[in-house]
1. Give me the Kirkwood hydrodynamic radius of the stretch 103-147, using the inverse of the mean 1/r over all pairs of distinct Cα atoms, in Å to one decimal.
2. I'm checking a number: the convex hull volume of the Cα atoms of the stretch 136-214, normalised per residue, in Å³. What is it?
3. Just to confirm a number: summing +1 for Lys and Arg and -1 for Asp and Glu over residues other than residue 141 whose beta-carbon lies under 11 angstrom from that of residue 141, what do you get?
4. Could you tell me which trypsin sites (Lys or Arg not before Pro) in the stretch 66-138 are loop residues by DSSP with no more than 13 other beta carbons within 10 angstrom of their beta carbon?
5. In whole Å, what is the distance between the alpha-carbon centres of the stretch 138-215 and the stretch 13-45?
6. For the chain, go through all pairs of different Cα atoms, get the mean of 1/r, take its inverse, and jot down that Kirkwood value in Å.
7. Between residue 22 and residue 156, 0.36 nm times their residue separation minus their Cα-Cα distance comes to what?
8. State, as an integer percentage, the relative contact order of the chain based on alpha-carbon contacts under 8 Å between residues 6 or more apart.
Amino acid sequence: MTVKRMMKSSLITTTPDTSIVEVADILKENHIHRLPVLDKKGKLVGVITEKDILHATPSPVSSLSVYEMPYMLSKLKVHDLMTKDLRVVSPDTTVEEAAKIMVEDDLSCLPVVEGEDLVGIVSKSDMFRVLYELFGATSRGTRVTFIFNQRTGEIARLASALSDKGYDIISIGTFVDRSEKEGVLTTIKVRTENSEDVLSIIKPLVKEILDIRIV
């Protein structure tokens, strides 16, 4: 899957000269947490987030008076607080690569650009939605977590055994488990609530069953 299939393309944007007070109102009214910042030519020059504004807001123990605080905030512009050194991706970037960038750089979002044009944005919530769908959370079934032996063709044998019994696989994922040197941590979801039958099929083909439940 590429970023193009899961990015938000209908965007609200702002400019470097917009006041922070105005941006705060836009974020609140639209229930969003960030705004891409475009210059007069429509080029992406930064991102302003809810967190940026919160960090700039005087604390309750500030020496500023209640009259000075609104005045100081009204003087702040987007260019004073926005992040300018951006990591961006293209619409053809894979979801895995985008997730890697966000994790390694601790980013809450990634602007998506095509040439110099902003075409979308990917946020952590978008990534969680992909994870939700990849795990088949939209469909009810039997979810099994187990340790696979590290042998070629193990997943194929498991899929074949389930298919022979008439069961469809909703989702399957493998995960790095450094404590398990001789196996692969795997989770599979099967389109049935007959968990006992699923267990009887899977158990002889794996090293260890860790969890089974209907979800």
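1. Values: mean 1/r = 0.0759 Å⁻¹.
It is 13.2 Å.
2. Details: hull volume 6.4 nm³, N = 79.
So the per-residue hull volume is 81 Å³.
3. Working: positive: 140, 143, 189, 191, 213; negative: 168, 193.
Charge balance in the 11 Å sphere: +3.
4. On the way: sites: 75, 77, 84, 87, 100, 124, 129; in loops: 84, 87.
Those satisfying the criteria are 84.
5. Cα centroid to Cα centroid, the span is 46 Å.
6. On the way: mean 1/r = 0.0481 Å⁻¹.
Result for the chain, one decimal place: 20.8 Å.
7. Values: separation 134, 0.36 × 134 = 48.24 nm, distance 5.61 nm.
Value of the extension gain: 42.6 nm.
8. Details: 331 pairs, mean separation 41.4, N = 215.
It rounds to 19 percent for the chain.
The numbers here are math on the coordinates, done by the rules we state, and not lab data. Predicted model, so just to flag it, every value in this text is computed and none were measured. Positions of Cβ are backbone-derived with ideal geometry, glycine not excepted, and every protein chain shown enters the neighbour counts.
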